[in-house]
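Have a look at the structure below, then the notes.
The values are calculated or read from the model by the stated rules, or taken from the named source; none is laboratory data. What you see is a predicted model, and the numbers here were worked out from it, not measured in a lab. In this analysis, Cβ positions are derived from the backbone assuming ideal geometry, glycine residues included, and neighbour counts consider all displayed protein chains.
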Amino acid sequence: MGEPLGVLLHLSFGFLGCALSVAMTLIINGILSASHAHIHASSSIYNPLFWTPGLFIGAIVNRFARSRWAFASPAVLGFLIILIVMWREVLIYRTSEYSLQASQGHFWRYELQNLFSTEPRSLDSGVLQLLVTFPFLVSVAYSIGAWIGFRVGRASVPRPYLQ
C-alpha cells in the first residue's frame, strides 16, 4: 500500500473510531439511565468509554496493515487541529474586552483551560471540548493503538533469517 493511501486509510479509520466512540457511549449511557444508575464520570470526555474504541480500532487495523504512518498521522492531525483552533480563538480573544478581562491577558492559557478543563465553564467551552478536544483524544488513542498493533503484528510475522 502506498504511503499517501496509508495515511488516508488511517485518518479515515481514526475518524471511524471517533464515531464509534460516540455511538458506544450513547448506548452505554442509555443502558445506565434505563437501569436508573447514573455515573457522573460518564458525561466527561476523559472517560475511557469515549476513547477506548479508537484505541482498539487502531490496534486491529494496524495489526494487519503494519504501516508506520498509522501511529503518527492521526495524532499529528489532531495536534494541528488543536493548534489552529487555539490560534483562531486567541485572535478573537485579543479583540474582545470581555475576553481580555476573563483571561487577564493570558489568552493561550485561557484557551488551554477551555479545551482541557474537566468542568466546562460555558456552553461555548463544552462545544469546543466536544468538537475539538474529544477528536484529539480519540486520535491520540488511535495512534497508541496503532503502535501496539504494529508491535504485535511485527512480532507475529515469521522471520526466515532467525530460523
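Here are a few things to note about the model shown:
- Across the stretch 129-152, not a single residue is classified as within 27 Å of residue 11 (Cβ to Cβ) and at pLDDT below 70.
- Exclusive hit being assigned to a helix (DSSP H, G or I), in contact (Cβ under 8 Å) with a residue 60 or more places away in the chain and more than 20 Å from residue 136 (Cβ to Cβ), set 50, 64: 64
- The residues of the stretch 85-98 that are surrounded by 15 or more Cβ atoms within 10 Å (Cβ to Cβ) and either among the basic types (Lys, Arg) or free of Cβ contacts under 8 Å to residues at least 40 places away in the same chain (or both), listed by number, are 86, 89, 90, 93.
- The numbered conditions (1) over 22 Å from residue 131 (Cβ atoms); (2) modelled with pLDDT under 75 are all true for residue 64 except (2).
- The residues in the stretch 61-84 that are surrounded by fewer than 18 Cβ atoms within 10 Å (Cβ to Cβ) and β-branched (Val, Ile, Thr) can be counted, and the count is 3.
- Residue count for the stretch 103-132, restricted to those that are surrounded by 13 or more Cβ atoms within 10 Å (Cβ to Cβ) and farther than 23 Å from residue 50 by Cα: 4
- Candidates 125, 103 - the one that is at pLDDT 75 or above and of a type in the set (S, T, N, Q): 103
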